[in-house]
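Student: One structure is given below, represented as structure tokens, and several questions about it will come after.
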Amino acid sequence: MSKDHSNNNPSSDETSPGKLKIAKYAYGEDYHFVVKNRLKVFMEKIQDKIGHVNGRAFVDSAPVHERAWAQKAGLGWIGKNSLLLNRNMGSFFFLAELVMDIELDYDGPIKDYCGSCTACMDACPTDAIPQPYVVDGSRCISYFTIELKAEIPLGQKGKFENWVFGCDICQDVCPWNRLSKPHSEPRFEPHPDLEKLKTEDWREITEEVFQRIFKKSAVKRTKLTGLKRNIDFVGK
Ligand code: B12
Ligand code: SF4
Ligand code: SF4
């Protein structure tokens with residue numbers, strides 16, 4: 001999270017009705033590299049200011065309890081969709097950490113502002129949020145379309161609402177995300193050809209097109225075979 005909006009909320013929405021959809025965080029270059037580079041620059045600035053400190057940068061790159069730490073540090077509260085959100089930025093941001101061997105001033109946890117809202121739970125098409133604050137990863141579209149290596153269970157047919165890589169539904173419906181400002185990080189801009197992809201193009205996607213559009217994106221994680229599996233699954 002930073003004040004110059006290096007979040008993952010794009011200014012353009014690639015999810016017009018009927019179109020196949022990928023999660024917003026994967027529109028541009030892979031956040032693992034973009035955010036880690038920024039953390040390194042931040043670390044150098046800290047060292048310039050206060051002298052030598054040892055530190056390591058993490059962004060979804062090691063078994064760090066990122067939401068728990070962020071919540072303890074007062075960056076937001078953990079919402080009923082299990083994501084960390086706050087009143088200024090909603091939840092469309094990554095969590096990243098610099099772990100350093102210096103003692104810093106720190107903030108404490110803040111209040112939970114979900115209140116009586118259940119929009120995320122009501123909107124989840126696979127019922128992956130069976131109770132407030134609990135996401136059943138094994139029912140989440142994000143898991144099926146990104147992490148699962150095997151075939152997607154047939155019982156999920158017709159539920160994915162055209163999501164073929166990740167899912168943003170429980171964030172798109174969150175009232176706090178109405179306040180989320182678009183990012184200003186050029187490396188998170190969608191590849192120009194992504195916007196031009198029509199449903200027929202997705203269905204016929206070749207290795208050449210996949211490499212061109214997603215070479216630097218987090219979508220690479222599924223490889224072409226995984227993406228094709230997802231496209232076939234939502235299409236049939
Ligand atoms: C596994 C994982 C998944 C799994 C399972 C998610 C789940 N909710 O269980 C799958 C593949 C489904 C997934 C999906 C997504 N993920 Co994910 N995921 C992770 C990952 C790698 C590990 C999380 C985990 O299970 N840790 C183990 C548990 C034990 O630790 P923990 O998360 O810190 O949980 C602690 C606290 O949260 C707290 N806690 C948990 N629940 C509750 C409830 C209450 C009431 C309280 C008080 C405390 C509390 O206690 C836990 C133990 O200390 C993290 C990165 C990371 N290193 O944390 C990203 C991460 C959580 N994912 C992220 C994102 C963006 C997503 C997606 C939105 C991506 C997408 N668009 O498709 C979806 C959203 C789905 C959803 N609603 O959760 C971001 C969230 C950013 C944010 N604003 O919170 C993270 C932090 C990655 C990052 N560095 O940015 N994800
Ligand atoms: S990411 Fe999609 S499938 Fe997963 S919990 Fe949220 S709405 Fe449900
Ligand atoms: S949609 Fe409502 S319940 Fe869900 S995280 Fe946002 S404010 Fe909380």
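Student: Could you list all residues from segment 44-70 that are closer than 21 Å to ILE169 by Cβ and within 16 Å of ligand 3 (Cβ to nearest atom)?
Tutor: ARG67
Student: Residue by residue through segment 56-74, note down the ones that are farther than 30 Å from PHE214 by Cβ and surrounded by 17 or more Cβ atoms within 10 Å (Cβ to Cβ).
Tutor: GLN71
Residue by residue, here is whether (1) among the small types (Gly, Ala, Ser); (2) near ligand 3 (Cβ under 9 Å from one of its atoms); (3) in contact (Cβ under 8 Å) with a residue 24 or more places away in the chain; (4) touching a Pro at 6+ places or on another chain (Cβ under 7 Å) holds:
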{"residue": "LYS72", "(1), (2), (3), (4)": "no, no, yes, yes"}
{"residue": "GLY79", "(1), (2), (3), (4)": "yes, yes, yes, no"}
{"residue": "MET89", "(1), (2), (3), (4)": "no, no, yes, no"}
{"residue": "LEU95", "(1), (2), (3), (4)": "no, no, yes, no"}
{"residue": "ILE102", "(1), (2), (3), (4)": "no, no, yes, no"}
{"residue": "GLY108", "(1), (2), (3), (4)": "yes, no, yes, no"}
{"residue": "LYS111", "(1), (2), (3), (4)": "no, no, yes, no"}
{"residue": "GLY115", "(1), (2), (3), (4)": "yes, yes, no, no"}
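Student: Please pick out the residue among VAL99, VAL53, VAL59 that is in contact with a Lys or Arg (Cβ under 6 Å, 6 or more places away or on another chain), over 23 Å from GLY137 (Cα atoms) and among the β-branched types (Val, Ile, Thr).
Tutor: The conditions single out VAL99.
Student: Report yes if VAL173 is within 30 Å of TYR113 (Cβ to Cβ) and β-branched (Val, Ile, Thr), otherwise no.
Tutor: yes
Residue-by-condition table, conditions (1) within 16 Å of ligand 2 (Cβ to nearest atom); (2) within 30 Å of GLU200 (Cα to Cα):
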| position | (1), (2) |
| --- | --- |
| PRO63 | no, no |
| GLY76 | no, no |
| LEU83 | yes, no |
| SER91 | yes, no |
| THR118 | yes, no |
| ALA128 | yes, yes |
| TRP163 | yes, yes |
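Student: Here's something else I'd like to know. Suppose we filter TYR113, TYR106 for residues that are of a type in the set (Phe, Trp, Tyr), surrounded by fewer than 13 Cβ atoms within 10 Å (Cβ to Cβ) and part of a loop (DSSP other than H, G, I, E, B); which single one remains?
Tutor: On inspection, the qualifying residue turns out to be TYR106.
Student: When the residues of segment 90-101 are filtered to those that are out of contact with any helix residue (DSSP H, G or I) (no Cβ under 7 Å at 6 or more places or on another chain) and either part of a loop (DSSP other than H, G, I, E, B) or of a type in the set (S, T, N, Q) (or both), which remaining residue is farthest from LYS40 (Cα to Cα)?
Tutor: PHE93
Student: Okay, next question. Which one of THR126, THR118 is within 13 Å of ligand 1 (Cβ to nearest atom) and either at pLDDT 95 or above or not aliphatic (A, V, I, L, M) (or both)?
Tutor: Residue meeting the stated conditions: THR126.
The values are calculated or read from the model by the stated rules, or taken from the named source; none is laboratory data. Treat the numbers as computed from the prediction; the structure is a model and nothing was measured. Reconstructed Cβ throughout: ideal geometry from the backbone, glycine too, with neighbour counts over all protein chains shown.
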